[in-house]
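Engineer: Input: one structure, supplied below.
The values are calculated or read from the model by the stated rules, or taken from the named source; none is laboratory data. What you are looking at is a predicted structure, and each value in this text was computed from that prediction instead of being measured. Positions of Cβ are generated from backbone atoms using ideal geometry, with glycine treated the same way; all protein chains shown enter the neighbour counts.
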Amino acid sequence: MTKIASLHAHASYDVGHAHPVLRAHRISKEYVNGTFTALDDVSFELKENQITAFVGPSGCGKTTMLRIIAGLEHPTRGRLEVSGKPVVGPGPDRGMIFQAYTSFPWLTVLENVEYGMKIIGIPAAERRERAMSFLKLVHLQKFVDSYPRSLSGGMKQRVALARTLAQNPNVLLMDEPFGALDAQVRWEMQELMIELIEREKKTVVAITHDIAEAIYLADRIIFFSRQPGRIKADINLDFKNGKRYPLKEELIKLPGYVDLEYRLFAMMREEIRDASSGE
Ligand SMILES: Nc1ncnc2c1ncn2[C@@H]1O[C@H](COP(=O)(O)OP(=O)(O)O)[C@@H](O)[C@H]1O
Ligand SMILES: [Mg+2]
């Protein structure tokens, strides 16, 4: 976060071509005894190392879809597979980061990160070492013995990030992870995120309703429309030419950036208008 000046466009990342890491096939989710459809016939496949942003207006089913991927919720219809196996519940192959800070207040920063590994059965000796190395990666090495209450919002989210990455999930799921942070901290977290994903080679799904954040972080944007939640557009960010751009100012001057931003704003406008006209 302090080495912004040394950031530059990363070499092309390698999206796996063989089998999709995750496959959602015709997923529907109904609530209230089938009278409310939160998700309707949603299908997509995620490739290895791909960063996908779920974007769409409030209530379009983004969180529901992410919770289904996490195994915290079951679809009413449809199939979900991770690495070719049906998802039946939560598993260590999928790590989730929520908007709300989810540290245990009675554990130190280090203990919080170690605890995440303990519950998935990583041996004690390895836990300490991994916890320290991931806390260093998120620039919290000086705060290992602090308690979460003494940390700022950005630092708490970095603890959550270290804890989740230390568990080494294949798929990283994030529900508006930076939504509660102020603009500057959010920016720093986004840059850190890009660096970490690049390093750790994760398949990522991040929910955001911030269009600029989605374009910055993602290789692909899945835009949901609401009531019922459906995929309105599935967009590969081809204007990035298969690279990631940690420096926002480099990204926004690429040809194609403004067109994409315009298209996403227009889609969001359409959704909001439909909602307010009662459709
Ligand atoms: N447990 C639930 N029971 C009933 N309705 C729900 C439940 N969870 C979510 N919903 C509804 O499903 C819709 C999609 O919610 P959600 O996935 O949270 O949307 P988003 O994350 O895109 O804002 C919303 O209308 C929400 O009120
Ligand atoms: Mg949500």
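Engineer: What's the number of the condition G56 fails, among (1) over 27 Å from E270 (Cβ atoms); (2) surrounded by 20 or more Cβ atoms within 10 Å (Cβ to Cβ); (3) not hydrophobic (A, V, I, L, M, F, W, C)?
Structural biologist: (1)
Engineer: Confirm whether S12 is surrounded by fewer than 18 Cβ atoms within 10 Å (Cβ to Cβ), more than 21 Å from the chain's Cα centre (by Cα), of a type outside the set (A, V, I, L, M) and modelled with pLDDT under 85.
Structural biologist: Numbers: surrounded by fewer than 18 Cβ atoms within 10 Å (Cβ to Cβ): yes; more than 21 Å from the chain's Cα centre (by Cα): no; of a type outside the set (A, V, I, L, M): yes; modelled with pLDDT under 85: yes.
For S12, the condition - surrounded by fewer than 18 Cβ atoms within 10 Å (Cβ to Cβ), more than 21 Å from the chain's Cα centre (by Cα), of a type outside the set (A, V, I, L, M) and modelled with pLDDT under 85 - is not met.
Engineer: Sort out which residues of the stretch 17-62 are on the phi < 0 side of the Ramachandran plot, in a loop (DSSP other than H, G, I, E, B) and within 16 Å of ligand 2 (Cβ to nearest atom), and write them in order of number.
Structural biologist: Passing the criteria: P57, S58, C60.
Engineer: Which residue out of G78, G95 is small (G, A, S), modelled with pLDDT of 95 or more and in a strand (DSSP E or B)?
Structural biologist: G78
Engineer: Also: Listed residues Y147, Y115; which is farther than 21 Å from E188 by Cα, aromatic (F, W, Y) and touching a Lys or Arg at 6+ places or on another chain (Cβ under 8 Å)? Don't jump to the end; show me each part of the working.
Structural biologist: Working: Y147 fails: touching a Lys or Arg at 6+ places or on another chain (Cβ under 8 Å).
Of Y147, Y115, the one residue that is farther than 21 Å from E188 by Cα, aromatic (F, W, Y) and touching a Lys or Arg at 6+ places or on another chain (Cβ under 8 Å) is Y115.
Engineer: Pull up the stretch 215-244, narrow it to residues that are buried (at least 21 other Cβ atoms within 10 Å of the Cβ) and aromatic (F, W, Y), then point me to the one that is farthest from ligand 2 (Cβ to nearest atom).
Structural biologist: Ranking the candidates gives Y216 first.
Engineer: Considering (1) in a helix (DSSP H, G or I); (2) surrounded by fewer than 20 Cβ atoms within 10 Å (Cβ to Cβ); (3) modelled with pLDDT of 95 or more, say which one R199 fails and leave the rest.
Structural biologist: Only one criterion in (1) in a helix (DSSP H, G or I); (2) surrounded by fewer than 20 Cβ atoms within 10 Å (Cβ to Cβ); (3) modelled with pLDDT of 95 or more is unmet by R199, namely (3).
Engineer: Filter the stretch 205-214 for residues that are β-branched (V, I, T) and either in contact with a Pro (Cβ under 9 Å, 6 or more places away or on another chain) or crowded, with 24+ Cβ neighbours inside 10 Å (or both) and give the result.
Structural biologist: Correct list: V205, I207, T208.
Engineer: Let me ask another. So for the stretch 219-237 (the condition being more than 22 Å from G61 (Cβ to Cβ), assigned to a loop (DSSP other than H, G, I, E, B), in contact (Cβ under 8 Å) with a residue 60 or more places away in the chain and over 18 Å from the mean Cα position of the chain (by Cα)), does at least one residue qualify?
Structural biologist: No, because not a single residue in the stretch 219-237 is more than 22 Å from G61 (Cβ to Cβ), assigned to a loop (DSSP other than H, G, I, E, B), in contact (Cβ under 8 Å) with a residue 60 or more places away in the chain and over 18 Å from the mean Cα position of the chain (by Cα).
Engineer: Return yes when R128 is of a type outside the set (A, V, I, L, M), surrounded by 15 or more Cβ atoms within 10 Å (Cβ to Cβ), assigned to a helix (DSSP H, G or I) and away from ligand 2 (no atom under 16 Å from the Cβ) and no when it is not.
Structural biologist: No.
Engineer: Name the residue that is surrounded by the fewest Cβ atoms within 10 Å (Cβ to Cβ), counting only residues in the stretch 63-97 that are within 15 Å of L46 (Cα to Cα) and within 16 Å of ligand 2 (Cβ to nearest atom).
Structural biologist: Here the residue is A70.
Engineer: With in contact with a Leu (Cβ under 9 Å, 6 or more places away or on another chain), within 13 Å of ligand 1 (Cβ to nearest atom), farther than 12 Å from I51 by Cα and of a type outside the set (G, A, S) as the only criterion, which of P228, P246 stands out?
Structural biologist: After ruling out the rest, the residue left standing is P228.
Engineer: In the stretch 32-81, which residues are near ligand 1 (Cβ under 9 Å from one of its atoms), in contact with a strand residue (DSSP E or B) (Cβ under 6 Å, 6 or more places away or on another chain) and either free of Cβ contacts under 8 Å to residues at least 12 places away in the same chain or among the β-branched types (V, I, T) (or both)?
Structural biologist: Within the stretch 32-81, T37, T63, T64 qualify.
Engineer: Is it true that some residue in the stretch 256-278 is surrounded by 14 or more Cβ atoms within 10 Å (Cβ to Cβ) and not in a helix (DSSP H, G or I)? Show your work before the answer.
Structural biologist: Taking the stretch 256-278 and keeping what is surrounded by 14 or more Cβ atoms within 10 Å (Cβ to Cβ), we get 257, 260-261, 263-264, 267-268, 271, 274-275.
Filter again for not in a helix (DSSP H, G or I), leaving none.
No - not one qualifying residue is present in the stretch 256-278.
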